[in-house]
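S.K.: Quick one: the structure is below, questions incoming.
The values are calculated or read from the model by the stated rules, or taken from the named source; none is laboratory data. Please read these numbers as outputs of a predicted model, since none were measured by experiment. Note that we place each Cβ from the backbone using ideal geometry, even for glycine, and neighbour counts take in every protein chain shown.
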Amino acid sequence: MFGHRLREAGLLGSMGRVASSVDNALIESFWSTMQRELLDRRHWTSRVELASAIFEWIEGWYNPRRRHSGLGYLSPHEYQALHTVPLTAA
């Protein structure tokens, strides 16, 4: 279903097959999460509206605040705060 929606929007999805050496589990997980949390929740009236919503979801939620298993279930902001030395005035 997701591949069909991508083609309707004029986009290309992953080129690999399941279990092939080019399968990318991380991006497939990302697409699945975005479909569940954003795309399936409403009808989009234009590509511009959808593009704006995707950008806002990625930059406003997924990247900065969503907890990631690869970061010990911390958000990227929390992870960076733990691993960044604050700059002090000289």
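S.K.: Could we say that Leu12 is of a type outside the set (S, T, N, Q), modelled with pLDDT under 90 and surrounded by 11 or more Cβ atoms within 10 Å (Cβ to Cβ) here?
M.R.: no
S.K.: Hey, does segment 52-64 have a residue that's assigned to a loop (DSSP other than H, G, I, E, B), of a type outside the set (Asp, Glu), surrounded by 13 or more Cβ atoms within 10 Å (Cβ to Cβ) and modelled with pLDDT under 85?
M.R.: Within segment 52-64, one or more residues are assigned to a loop (DSSP other than H, G, I, E, B), of a type outside the set (Asp, Glu), surrounded by 13 or more Cβ atoms within 10 Å (Cβ to Cβ) and modelled with pLDDT under 85.
S.K.: Taking only pairs six or more apart or across chains, which ones have beta-carbon atoms under 7 Å, a first residue in segment 67-82 that is closer than 21 Å to Ile27 by Cβ, and a second residue that is modelled with pLDDT of 85 or more and polar (S, T, N, Q)?
M.R.: Correct list of pairs: Arg67/Ser75.
S.K.: Go through (1) surrounded by 11 or more Cβ atoms within 10 Å (Cβ to Cβ); (2) modelled with pLDDT under 90 for His4 and report which single condition fails.
M.R.: (1)
S.K.: Could you please find all residues in segment 30-47 being basic (Lys, Arg), exposed (fewer than 11 other Cβ atoms within 10 Å of the Cβ) and more than 17 Å from His68 (Cβ to Cβ)? Before the answer, list the steps.
M.R.: The first filter runs over segment 30-47 and keeps only residues basic (Lys, Arg), leaving 36, 41-42, 47.
From the residues that got through so far, the ones that are exposed (fewer than 11 other Cβ atoms within 10 Å of the Cβ) too are 36, 41-42.
Selection gives Arg41, Arg42.
S.K.: Determine whether segment 18-29 contains at least one residue that is at pLDDT below 80, more than 15 Å from the chain's Cα centre (by Cα) and surrounded by 12 or more Cβ atoms within 10 Å (Cβ to Cβ).
M.R.: Looking through segment 18-29, at least one residue is at pLDDT below 80, more than 15 Å from the chain's Cα centre (by Cα) and surrounded by 12 or more Cβ atoms within 10 Å (Cβ to Cβ).
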